Amino acid sequence: QQQVKQSPQSLIVQKGGISIINCAYENTAFDYFPWYQQFPGKGPALLIAIRPDVSEKKEGRFTISFNKSAKQFSLHIMDSQPGDSATYFCAAYSGGGADGLTFGKGTHLIIQP
Amino acid sequence: DAGVIQSPRHEVTEMGQEVTLRCKPISGHNSLFWYRQTMMRGLELLIYFNNNVPIDDSGMPEDRFSAKMPNASFSTLKIQPSEPRDSAVYFCASSRRHGGQYFGPGTRLTVT
(Lines give C-alpha, C1' and ligand atoms only; values in the text may rest on other atoms or scores of the structure.)
Protein backbone atom coordinates (compact mmCIF):
# COMPACT_ATOMS: atom_id res chain seq x y z
CA GLN A 1 0.00 0.00 0.00
CA GLN A 2 1.53 3.25 -1.15
CA GLN A 3 0.89 5.90 1.47
CA VAL A 4 2.43 8.79 -0.48
CA LYS A 5 1.60 9.15 -4.15
CA GLN A 6 3.94 11.34 -6.19
CA SER A 7 3.43 12.72 -9.68
CA PRO A 8 4.57 13.09 -12.35
CA GLN A 9 7.09 10.28 -12.68
CA SER A 10 9.17 12.43 -15.04
CA LEU A 11 9.08 16.09 -16.00
CA ILE A 12 10.80 18.21 -18.62
CA VAL A 13 10.85 21.98 -18.14
CA GLN A 14 12.51 24.73 -20.11
CA LYS A 15 15.18 26.81 -18.42
CA GLY A 16 13.56 29.70 -16.57
CA GLY A 17 10.22 27.92 -16.25
CA ILE A 18 8.40 26.69 -13.15
CA SER A 19 8.72 23.02 -12.18
CA ILE A 20 5.84 21.60 -10.16
CA ILE A 21 5.82 18.21 -8.47
CA ASN A 22 2.81 16.97 -6.52
CA CYS A 23 2.31 14.53 -3.67
CA ALA A 24 -0.77 13.21 -1.91
CA TYR A 25 -1.03 11.27 1.32
CA GLU A 26 -3.68 9.36 3.25
CA ASN A 27 -2.39 9.05 6.79
CA THR A 28 -3.54 12.06 8.83
CA ALA A 29 -0.94 11.21 11.49
CA PHE A 30 1.81 12.50 9.22
CA ASP A 31 3.21 15.70 10.70
CA TYR A 32 6.37 16.46 8.76
CA PHE A 33 6.70 16.71 4.98
CA PRO A 34 10.22 17.02 3.52
CA TRP A 35 11.45 17.06 -0.04
CA TYR A 36 14.71 15.44 -1.08
CA GLN A 37 16.88 16.08 -4.11
CA GLN A 38 19.08 13.33 -5.49
CA PHE A 39 21.77 13.64 -8.15
CA PRO A 40 23.10 10.54 -9.93
CA GLY A 41 25.57 8.65 -7.78
CA LYS A 42 24.72 10.64 -4.66
CA GLY A 43 22.49 10.15 -1.66
CA PRO A 44 19.21 12.05 -1.33
CA ALA A 45 19.74 15.50 0.19
CA LEU A 46 17.18 17.26 2.33
CA LEU A 47 15.98 20.23 0.30
CA ILE A 48 13.09 21.83 2.16
CA ALA A 49 10.44 20.69 4.62
CA ILE A 50 7.10 21.85 6.00
CA ARG A 51 4.87 21.05 8.95
CA PRO A 52 1.07 21.04 8.60
CA ASP A 53 0.54 24.18 10.66
CA VAL A 54 1.61 26.37 7.72
CA SER A 55 0.37 26.44 4.13
CA GLU A 56 3.54 27.55 2.41
CA LYS A 57 7.28 27.62 2.96
CA LYS A 58 9.77 29.29 0.68
CA GLU A 59 13.53 28.93 0.53
CA GLY A 60 15.13 30.70 -2.37
CA ARG A 61 13.68 29.38 -5.61
CA PHE A 62 12.04 26.41 -3.85
CA THR A 63 8.54 26.61 -2.37
CA ILE A 64 6.39 23.98 -0.69
CA SER A 65 2.65 24.49 -0.85
CA PHE A 66 0.62 22.47 1.62
CA ASN A 67 -3.13 21.81 1.58
CA LYS A 68 -4.08 20.03 4.78
CA SER A 69 -7.76 19.52 3.95
CA ALA A 70 -6.93 17.95 0.59
CA LYS A 71 -3.97 16.03 2.05
CA GLN A 72 -1.74 17.27 -0.73
CA PHE A 73 1.55 19.11 -0.94
CA SER A 74 3.69 20.24 -3.82
CA LEU A 75 7.15 21.49 -4.64
CA HIS A 76 7.55 24.49 -6.91
CA ILE A 77 10.91 25.36 -8.42
CA MET A 78 10.88 28.90 -9.78
CA ASP A 79 13.25 30.02 -12.56
CA SER A 80 14.31 26.38 -13.07
CA GLN A 81 17.96 25.92 -14.03
CA PRO A 82 19.81 23.03 -15.70
CA GLY A 83 21.57 22.43 -12.37
CA ASP A 84 18.18 21.58 -10.87
CA SER A 85 18.01 18.48 -13.05
CA ALA A 86 17.77 15.63 -10.55
CA THR A 87 15.34 13.19 -9.01
CA TYR A 88 13.05 14.66 -6.37
CA PHE A 89 11.36 12.66 -3.62
CA CYS A 90 8.59 13.79 -1.35
CA ALA A 91 8.20 12.12 2.02
CA ALA A 92 5.83 12.11 4.93
CA TYR A 93 6.67 11.28 8.52
CA SER A 94 4.85 11.01 11.79
CA GLY A 95 6.25 11.03 15.28
CA GLY A 96 8.63 13.86 14.56
CA GLY A 97 10.49 12.00 11.84
CA ALA A 98 11.31 8.86 13.72
CA ASP A 99 8.22 6.87 12.86
CA GLY A 100 5.87 6.29 9.94
CA LEU A 101 8.51 6.98 7.32
CA THR A 102 7.18 6.97 3.77
CA PHE A 103 8.76 8.20 0.54
CA GLY A 104 7.11 8.90 -2.78
CA LYS A 105 8.40 7.05 -5.84
CA GLY A 106 10.34 10.04 -7.12
CA THR A 107 10.16 12.47 -10.05
CA HIS A 108 12.95 12.63 -12.60
CA LEU A 109 13.24 16.31 -13.51
CA ILE A 110 15.10 17.53 -16.59
CA ILE A 111 15.63 21.23 -17.19
CA GLN A 112 16.37 21.92 -20.83
CA PRO A 113 18.75 24.81 -21.55
CA ASP B 1 30.96 19.24 10.16
CA ALA B 2 31.06 15.65 8.88
CA GLY B 3 27.92 14.17 7.43
CA VAL B 4 26.85 10.55 7.53
CA ILE B 5 29.80 8.32 6.67
CA GLN B 6 29.35 4.99 4.92
CA SER B 7 31.86 2.34 3.99
CA PRO B 8 32.72 0.81 1.68
CA ARG B 9 31.50 3.02 -1.15
CA HIS B 10 31.55 0.11 -3.58
CA GLU B 11 31.42 -3.61 -2.91
CA VAL B 12 31.58 -6.41 -5.43
CA THR B 13 31.18 -9.92 -4.11
CA GLU B 14 30.21 -13.37 -5.23
CA MET B 15 26.92 -15.01 -4.47
CA GLY B 16 26.97 -16.77 -1.12
CA GLN B 17 29.52 -14.48 0.48
CA GLU B 18 28.88 -12.39 3.57
CA VAL B 19 28.67 -8.64 3.09
CA THR B 20 28.93 -6.04 5.85
CA LEU B 21 28.04 -2.41 5.28
CA ARG B 22 29.04 0.21 7.82
CA CYS B 23 27.60 3.55 8.86
CA LYS B 24 28.63 6.37 11.17
CA PRO B 25 25.73 8.75 11.81
CA ILE B 26 25.99 12.47 12.41
CA SER B 27 27.03 13.20 15.98
CA GLY B 28 24.05 14.08 18.14
CA HIS B 29 21.49 12.36 15.94
CA ASN B 30 19.53 9.73 17.80
CA SER B 31 17.77 8.00 14.92
CA LEU B 32 19.44 5.90 12.23
CA PHE B 33 17.90 4.41 9.12
CA TRP B 34 19.00 1.89 6.52
CA TYR B 35 17.52 2.13 3.01
CA ARG B 36 17.92 0.21 -0.21
CA GLN B 37 17.48 1.86 -3.62
CA THR B 38 16.91 0.09 -6.92
CA MET B 39 15.48 1.22 -10.22
CA MET B 40 12.60 -1.20 -9.91
CA ARG B 41 11.56 -0.61 -6.31
CA GLY B 42 12.80 2.89 -5.63
CA LEU B 43 13.84 3.86 -2.10
CA GLU B 44 12.87 1.25 0.50
CA LEU B 45 13.26 1.58 4.26
CA LEU B 46 14.84 -1.59 5.64
CA ILE B 47 15.15 -0.86 9.35
CA TYR B 48 15.52 2.05 11.74
CA PHE B 49 16.88 2.60 15.22
CA ASN B 50 16.02 5.13 17.92
CA ASN B 51 18.68 5.59 20.59
CA ASN B 52 20.46 2.46 19.32
CA VAL B 53 17.33 0.31 19.69
CA PRO B 54 15.77 -1.28 16.58
CA ILE B 55 12.24 0.07 16.26
CA ASP B 56 10.91 -1.34 13.00
CA ASP B 57 12.61 -4.00 10.89
CA SER B 58 9.54 -4.90 8.84
CA GLY B 59 11.32 -3.71 5.70
CA MET B 60 14.15 -6.21 6.02
CA PRO B 61 13.66 -8.54 3.04
CA GLU B 62 14.40 -11.81 4.80
CA ASP B 63 16.48 -13.48 7.46
CA ARG B 64 19.61 -13.13 5.39
CA PHE B 65 19.62 -9.46 6.37
CA SER B 66 20.54 -8.27 9.84
CA ALA B 67 21.42 -4.89 11.34
CA LYS B 68 23.05 -3.81 14.55
CA MET B 69 23.77 -0.55 16.31
CA PRO B 70 26.13 -1.29 19.20
CA ASN B 71 26.54 2.39 20.07
CA ALA B 72 25.39 5.83 19.03
CA SER B 73 28.16 6.30 16.49
CA PHE B 74 28.16 3.04 14.56
CA SER B 75 25.81 0.69 12.77
CA THR B 76 26.21 -2.29 10.46
CA LEU B 77 23.98 -3.96 7.90
CA LYS B 78 24.95 -7.54 7.15
CA ILE B 79 23.81 -9.81 4.35
CA GLN B 80 24.62 -13.50 4.72
CA PRO B 81 24.57 -15.23 2.32
CA SER B 82 24.37 -12.60 -0.41
CA GLU B 83 22.42 -13.16 -3.63
CA PRO B 84 22.46 -11.36 -7.00
CA ARG B 85 19.05 -9.84 -6.28
CA ASP B 86 20.59 -7.99 -3.33
CA SER B 87 22.50 -5.81 -5.77
CA ALA B 88 21.47 -2.23 -5.05
CA VAL B 89 22.64 1.01 -3.49
CA TYR B 90 22.33 0.92 0.28
CA PHE B 91 21.95 4.21 2.12
CA CYS B 92 22.28 5.03 5.76
CA ALA B 93 20.58 8.16 7.12
CA SER B 94 20.38 9.80 10.53
CA SER B 95 18.21 12.41 12.16
CA ARG B 96 17.43 14.18 15.38
CA ARG B 97 13.97 13.84 16.81
CA HIS B 98 11.63 16.25 14.98
CA GLY B 99 14.05 16.72 12.13
CA GLY B 100 14.73 15.67 8.59
CA GLN B 101 16.94 12.77 7.69
CA TYR B 102 20.45 13.26 6.37
CA PHE B 103 21.66 10.58 3.99
CA GLY B 104 25.13 9.20 3.51
CA PRO B 105 26.73 8.77 0.08
CA GLY B 106 25.61 5.15 -0.15
CA THR B 107 27.28 1.81 -0.78
CA ARG B 108 26.86 0.36 -4.25
CA LEU B 109 26.67 -3.42 -3.82
CA THR B 110 27.08 -5.79 -6.74
CA VAL B 111 26.61 -9.51 -6.14
CA THR B 112 27.73 -11.68 -9.03
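The values are calculated or read from the model by the stated rules, or taken from the named source; none is laboratory data. Being a predicted model, the structure only gives us computed values, none of them experimental. With ideal geometry, Cβ positions are generated from the backbone for all residues, glycine too; neighbour counts draw on all protein chains shown. Remember, those area values only see protein heavy atoms, side chains included, never the ligands or the DNA or RNA. Shrake-Rupley method; radii C 1.70, N 1.55, O 1.52, S 1.80 Å.
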Report summary line: Toy charge model, Lys and Arg Cβ at +1, Asp and Glu Cβ at -1: chain B dipole around Cα centroid in debye, rounded to 20, equals 340
Query raised in the report: Karplus couplings for the range A:25-38 from phi (6.51 cos²θ - 1.76 cosθ + 1.60, θ = phi - 60°), rounded to Hz, Gly and Pro as x?
Result: 9, 10, 6, 6, 7, 4, 9, 7, 10, x, 10, 10, 10, 10
Requested in this report: Mind listing the long-range amide H neighbours of A:A91? Cut-off is under 5 Å, sequence gap 5 or more, other chains count too, H placed in the peptide plane at 1.01 Å from N.
Outcome: A:G104
Query - Three-way shape call for the range A:8-47 based on the alpha-carbon gyration tensor, with the a/c threshold at 1.5 - result: oblate
Query raised in the report: Largest first, how would B:D57, B:D86, B:D63, A:D53 line up by accessible area (1.4 Å probe)?
Result: B:D63, A:D53, B:D57, B:D86
**Report entry** Where A meets B: accessible area buried, both sides, 1.4 Å probe, Å²
**Finding:** 1500
Report summary line: Contact-by-burial set, the range B:30-47, min loss 50 Å², accessible area of protein heavy atoms with 1.4 Å probe, reference chain alone, gives B:L43
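Out of the total accessible area of the range A:17-71 (probe 1.4 Å, heavy atoms of protein only), what percent is carbon and sulfur?
Working: 1420 of 2790 Å².
Whole-percent figure for carbon plus sulfur exposure: 51.
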Report task. Run through all the Cα pairs of chain A and give the fraction in each 5 Å bin from 0, expressed as whole percent. Result -> 2, 13, 24, 26, 19, 10, 5, 1, 0
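Quick check: convex hull of the Cα atoms in the protein assembly as shown, volume per residue, rounded to a whole Å³?
Details: hull volume 27.8 nm³, N = 225.
Looking at the protein assembly as shown, the number lands at 123 Å³ per residue.
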Report task. Return a single number: how many Lys pairs in the range A:4-112, at a sequence separation of 8 or more or on separate chains, have alpha-carbon atoms below 29 angstrom apart. Result -> 22
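Could you state the orientation-averaged shadow area of the convex hull built on the Cα atoms of chain B, in nm² to one decimal? List each step's numbers first, then the result.
On the way: hull surface 26.1 nm².
Averaging across all directions leaves 6.5 nm² for the Cα convex hull.
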Query raised in the report: What dipole magnitude, in Debye to the nearest 20, does the protein assembly as shown give about its Cα centre under +1 on Lys/Arg Cβ and -1 on Asp/Glu Cβ?
Result: 380
Report task. Report ³J(HN,Hα) in whole Hz for each residue of the range B:29-41, in order, from the Karplus equation J = 6.51 cos²θ - 1.76 cosθ + 1.60 where θ = phi - 60°; Gly and Pro get x. Result -> 7, 10, 10, 9, 10, 10, 10, 10, 10, 9, 5, 6, 10
Query raised in the report: Counting only heavy atoms of protein chains, what accessible area per residue, in Å², does the protein assembly as shown have with a probe of 1.4 Å?
Result: 49
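Work out the length of the dipole vector of the range A:4-112 about its Cα centre, built from +1 on the beta-carbon of each Lys and Arg and -1 on the beta-carbon of each Asp and Glu, and round it to the nearest 20 debye.
Values: 10 positive and 8 negative charges, 35 e Å.
That gives the range A:4-112 a dipole magnitude of about 160 debye.
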